[in-house]
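A.B. asks: Sharing a structure with you now.
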């Protein structure tokens, strides 16, 4: 191989390696960072179900689809007050009051 051809070949190898690294970085960032993105997707699905339910005034029993979306997001089943609170339904926030005797 002639000396004049060596420099462009080295340059091509370096450029090819740089492109591969750049593509790997783009693929990493486009994948959505793994589990965090999955949680955000699940939360968005839950909020979509919440909007459907709050549109009818949070009336009646909890829809099964809403319960399922909550379970997917949290990884556990939730009780009705907890799901109502996440959805922002009226009356979801119950407070316990205790009476103290100050006599």
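The values are calculated or read from the model by the stated rules, or taken from the named source; none is laboratory data. What you see is a predicted model, and the numbers here were worked out from it, not measured in a lab. Backbone-built Cβ (ideal geometry, glycine too); neighbour counts: all protein chains shown.
A.B. asks: Restricting the search to the stretch 54-68, which residues are out of contact with any helix residue (DSSP H, G or I) (no Cβ under 8 Å at 6 or more places or on another chain) and surrounded by 13 or more Cβ atoms within 10 Å (Cβ to Cβ)?
C.D. replies: Matches in the stretch 54-68: 68 only.
Residue-wise test of (1) exposed (fewer than 15 other Cβ atoms within 10 Å of the Cβ); (2) assigned to a helix (DSSP H, G or I); (3) modelled with pLDDT of 85 or more; (4) in contact with a helix residue (DSSP H, G or I) (Cβ under 9 Å, 6 or more places away or on another chain).
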residue: 44; (1), (2), (3), (4): yes, yes, yes, no
residue: 52; (1), (2), (3), (4): yes, yes, yes, yes
residue: 70; (1), (2), (3), (4): no, yes, yes, yes
residue: 82; (1), (2), (3), (4): yes, yes, yes, yes
residue: 94; (1), (2), (3), (4): yes, no, no, yes
